[in-house]
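Q: Can you keep this structure in mind? I'll have questions shortly.
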Amino acid sequence: MNKYVKRYLIDAMSGMAQGLFASLLIGTIIRTLGLQLLRVADIVPFQFLVQAGNFAMNPNVVGAAMAIGIGYAMKVDALVLFSTSTVGAAANVTGGAGGPLAVLFIAIIAAEIGQLVSKKTKVDIIVTPLVTVLTGSLLTVMFAKYLGIAASSVGNIVMWATNLHPFVMGMIVSAVVGIALTLPISSAAICAAFGLVGLAGGAAVAGCCAQMVGFAVLSYRENKVSGLLSQGLGTSMLQMPNIIKNPLVWIPPTLASIITGPIATCVFKMQMNGAPISSGMGTCGLVGPIGVISGWFEPSEKAVERGLAAINPSWFDWLGLVLICVVLPAVICWALGALLRKINWIKEGDLTLA
């Protein structure tokens, strides 16, 4: 793999996703838990959970966490890494709805330029932060707003198209985001950058769950319970070495995503109105389903910006969530896997995790 592709597309995006997870996503989970517990009793510990969630969800905090994640993944020097926090906060706030994309581009450039001067002078403690922060700030002033608008526009187009043609777009979004989740790139970062919520976000959740639950069930014969948990609650990316050896093993999860996507958008009308990053997480730590649930009761800022509101979920909504995220991917991949094993497209050991 080209070293620049790995450094900027794979490593940096993965670091950005981890930063989002450690700030916006965990903050959303904590805040949602606190709000639901406050329905039971209005006491200080539950109020604290809401406050802690708000701290983590602050746009400045989220931007700093993303930039630090990017710098850490790029293995930059310490002073460069710490300086990117300022750059990330500025870029995320200035970028608005598409802030994550602005952070990705600006933090990478600022980190690389900061790295050029790092440890090159006797006053490194001043020069390195100065160069990194000024570079990032200049790029933020010049480009962050427009990068944010571009990312937000792409997300709006995808969501508009999904609302207009839920069947076709349900298949496309589910398949593409699901495939991105299994590839060594970050589907979570992609969904966050484009602010993917609503029906399109629901289709993305369906695709990611199809890949993770699908591979977990498909490979149970080889990997047993440990493989079921590591893929079903961890990541389907573990199967990439096996996919390279035999691409046919990717058929069942991908077909499952193509099937469950339109079922999510057309039958259950499942929407992801939680944090957009949740759209690209699937069943990793159950973040995808939790995001859907949190969006029912308290839509994220991105969802509210797009006119989406809280709902009182019915039994049908809960049924759809369970079927789309767990049951259907498991059943479809089990059936397709049995068929492909029978015709020898998938052989014994093809799905064994290293």
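Q: Quick check on segment 118-152: of everything there that is among the hydroxyl-bearing types (Ser, Thr, Tyr), in contact (Cβ under 8 Å) with a residue 12 or more places away in the chain and in a helix (DSSP H, G or I), which residue is nearest to Leu199 (Cα to Cα)?
A: Restricting to residues being among the hydroxyl-bearing types (Ser, Thr, Tyr), in contact (Cβ under 8 Å) with a residue 12 or more places away in the chain and in a helix (DSSP H, G or I), the top hit is Ser152.
Q: Go over the candidates Asn60, Asn54, Asn92 one by one and state the one that is of a type outside the set (Val, Ile, Thr), open to solvent by 10 Å² or more (accessible area, probe 1.4 Å), more than 30 Å from Val127 (Cβ to Cβ) and assigned to a helix (DSSP H, G or I).
A: So the residue among Asn60, Asn54, Asn92 that is of a type outside the set (Val, Ile, Thr), open to solvent by 10 Å² or more (accessible area, probe 1.4 Å), more than 30 Å from Val127 (Cβ to Cβ) and assigned to a helix (DSSP H, G or I) is Asn54.
Q: Right, here's the next one. Which one is least open to solvent (accessible area, probe 1.4 Å) among residues in segment 311-325 that are touching a helix residue (DSSP H, G or I) at 6+ places or on another chain (Cβ under 6 Å) and over 14 Å from Gly201 (Cα atoms)?
A: Pro313
Q: I'm told Cys266 meets every condition in (1) open to solvent by 10 Å² or more (accessible area, probe 1.4 Å); (2) under 22 Å from Trp345 (Cβ atoms) except one. Can you identify the failing condition by its number?
A: (2)
Q: Right, something else. Out of everything in segment 31-51 that is touching a residue at least 60 places away in the same chain (Cβ under 8 Å) and crowded, with 18+ Cβ neighbours inside 10 Å, what residue ends up being nearest to Ser294 (Cα to Cα)?
A: Going through segment 31-51, the residues touching a residue at least 60 places away in the same chain (Cβ under 8 Å) turn out to be 31-32, 35-36.
Filter once more, keeping what is crowded, with 18+ Cβ neighbours inside 10 Å: 31-32.
Values: Arg31: 9, Thr32: 6 Å.
This residue is Thr32.
Q: Residue pairs, Cβ under 7 Å, 6 or more apart or interchain, first in segment 291-318 and touching a residue at least 12 places away in the same chain (Cβ under 8 Å) and among the aliphatic types (A, V, I, L, M), second open to solvent by 50 Å² or more (accessible area, probe 1.4 Å) and in a helix (DSSP H, G or I). List them.
A: Partner pairs satisfying both residue conditions: Ala310/Phe297.
Q: Which count do you get for residues in segment 266-289 that are more than 13 Å from Ala204 (Cβ to Cβ) and more than 13 Å from the chain's Cα centre (by Cα)?
A: Residues that pass the stated criteria total 4.
Q: Shifting gears a bit: Gln115 - would you say it is open to solvent by 40 Å² or more (accessible area, probe 1.4 Å), out of contact with any Leu (no Cβ under 9 Å at 6 or more places or on another chain), farther than 22 Å from Ala303 by Cα and in a helix (DSSP H, G or I)?
A: Here the answer is yes, as Gln115 does meet what is asked.
Q: Pull up segment 1-30, narrow it to residues that are surrounded by fewer than 23 Cβ atoms within 10 Å (Cβ to Cβ) and among the hydroxyl-bearing types (Ser, Thr, Tyr), then point me to the one that is nearest to Gly295 (Cα to Cα).
A: The extreme case among them is Ser14.
Q: Hand me the list of helices (runs of 4 or more DSSP H) wholly inside segment 240-354 holding 1 or more residues that are among the basic types (Lys, Arg).
A: Filter on segment 240-354 gives 240-245, 301-305, 328-342.
Q: Looking for something in contact with a Ser or Thr (Cβ under 6 Å, 6 or more places away or on another chain) and under 28 Å from Pro289 (Cβ atoms) - is there at least one such residue anywhere in segment 105-126?
A: no
Q: Please list, ordered by first then second residue, the pairs with beta carbon atoms under 9 Å, 6 or more apart or interchain, first in segment 8-30 and free of Cβ contacts under 8 Å to residues at least 40 places away in the same chain and farther than 17 Å from Met272 by Cβ, second buried (at least 24 other Cβ atoms within 10 Å of the Cβ) and among the acidic types (Asp, Glu).
A: Cβ pairs passing all conditions: none.
Q: Of the numbered conditions (1) surrounded by 19 or more Cβ atoms within 10 Å (Cβ to Cβ); (2) over 12 Å from the mean Cα position of the chain (by Cα), Leu183 fails exactly one; give the number of that condition.
A: (1)
Q: Further, regarding this structure: Can you pull out every residue in segment 201-239 that is outside any helix (DSSP H, G or I), without any contact (Cβ under 8 Å) to a residue 60 or more places away in the chain and either of a type in the set (D, E, K, R) or farther than 24 Å from Phe268 by Cα (or both)?
A: Gly234, Thr235
The values are calculated or read from the model by the stated rules, or taken from the named source; none is laboratory data. Small disclaimer: the values here were computed from a predicted structure and weren't measured. Neighbour counts are summed over all protein chains in view; Cβ atoms, including those assigned to glycine, are modelled from backbone coordinates with ideal geometry. Remember, those area values only see protein heavy atoms, side chains included, never the ligands or the DNA or RNA. Shrake-Rupley method; radii C 1.70, N 1.55, O 1.52, S 1.80 Å.
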